[in-house]
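Below is one structure; the comments refer to it alone.
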Amino acid sequence: MKVLESQTAVLSNFEVHEHLAELQSRKEKKKRHAPPSNQGMVVDRTLEWLRLPPSPLSQTPTTYHADSIPTLLERLRPYDLTKGELIMILNLRPCSTPALNTTIEDMEVRFTEDQQMEILTIIAEVLGQFDPPEESEDAEAAADTSMADAQGS
Amino acid sequence: MFILTKIADLVQIKAADFSKPSIEAIEDNINAKYANKVLQKIGLCVALYDILWTSEGLIGHGTGEVNVNVEFRMIVFRPFKGEVMLGKIKSSTPSGINLFTIFFNDIFIPFEELPAGSEYSHSDQLWIWKMDDVRLYYDTNETVRFQVIEEDWHDQTPAGPSQTSLGGPDEEENAVAPYKIKGSMAREGLGVCLWWDN
């Protein structure tokens, strides 16, 4: 074994989630012979962790899409955040000022309160957000209509 | 949290695996060797990401195994220093709090890295953050945000028998995890998620 490059790229949780979910579905769909058990275990556990609330990937339907990452990078460009800060924002999706403060170094010095609110708004717009009361109502409403549809037809 | 690492290795496909398509045989071989294993100073390997290059298969002399040189990329769990991530509280001791993330269990927050005013409650076996008259509990299984401050590598390669001592200390050393993360929850916004997100 030889390590050619210890770090060729940094992956966000979303990208890892996509890849592992595909591995899992390939296993289930194609009835491919079982992969090595150690791989099956770590993949299952990692997916379980990524889908555990309050991870943003725990939401169904997912609010992350293939173009979320470039869109977010583009929109946060004026704030001049570092790569590490952006990765953390992608993974954690901070929804409050204290949460944002953990991902951005010296936030109070670098940004005014207005700017902090702007960043939070952009994150919520691009990556979505948890909104339990409203969402459950929406979900219920959707369920109601689909029930009504089912009964009507 | 995750990175890609480029590795070159020799894959030996056993005759029993000849019924598999070559690509699957190579993937399985790599995953069997690396998945869920810690590479020193690299991190915890999760799964194969992609195969970049393979040589022709060469049949070894005497065994009938097919030898293929492969270059590939692995998904590796390796949070960078200063990264903020989520964890769950596994247990609390007077020396600090142990965290886990289902697939990785060796995260430790020493008591010095808890916010000022934290106290250990021996009766509850929990850490409590006291601010004036508010008491906030670090309950077991609670999801917390923490910041990675240090990593601790421990090479488990056997060092060979020692001449002086027998058994005792060696066994203790073997129990040390190969890759440990030390974290902090002292900054504002870190600690139990529920305290900050409402």
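Each reported figure results from applying straightforward, stated rules to the coordinates on display, with no laboratory input. Every value quoted in this text rests on a predicted model; they were computed, and no experiment measured them. Backbone-built Cβ (ideal geometry, glycine too); neighbour counts: all protein chains shown.
A few comments on the model shown:
- For A:90-99, mean number of other protein chain Cβ atoms within 10 Å: 5
- Environment charge at residue B:71 (Cβ cut-off 9 Å; Lys +1, Arg +1, Asp -1, Glu -1): +1
- Degrees between helix B:22-34 axis and first principal axis of chain B (Cα, 0 to 90, nearest 10): 40 degrees
- Using the Cβ-Cβ distance between residue A:1 and residue A:62 with R0 set to 45 Å, the FRET efficiency works out to roughly 0.80.
- In this rough spin-label picture, where each label sits 7 Å from Cα along the Cβ direction, the residue B:175-residue B:154 distance is 0.9 nm.
- Backbone N atoms of region A:1-38 closer than 18 Å to the 7 Å Cα→Cβ label point of residue B:81 belong to residues A:6-7.
- Nonlocal amide H pairs with residue A:62, under 5 Å, H built at 1.01 Å: none
- Between residue A:125 and residue B:50, the distance separating the two model label sites (each 7 Å from Cα on the Cα→Cβ line) works out to 3.2 nm.
- Gained length - residue A:51 relative to residue A:108, 0.36 nm times residue gap less alpha-carbon distance: 17.4 nm
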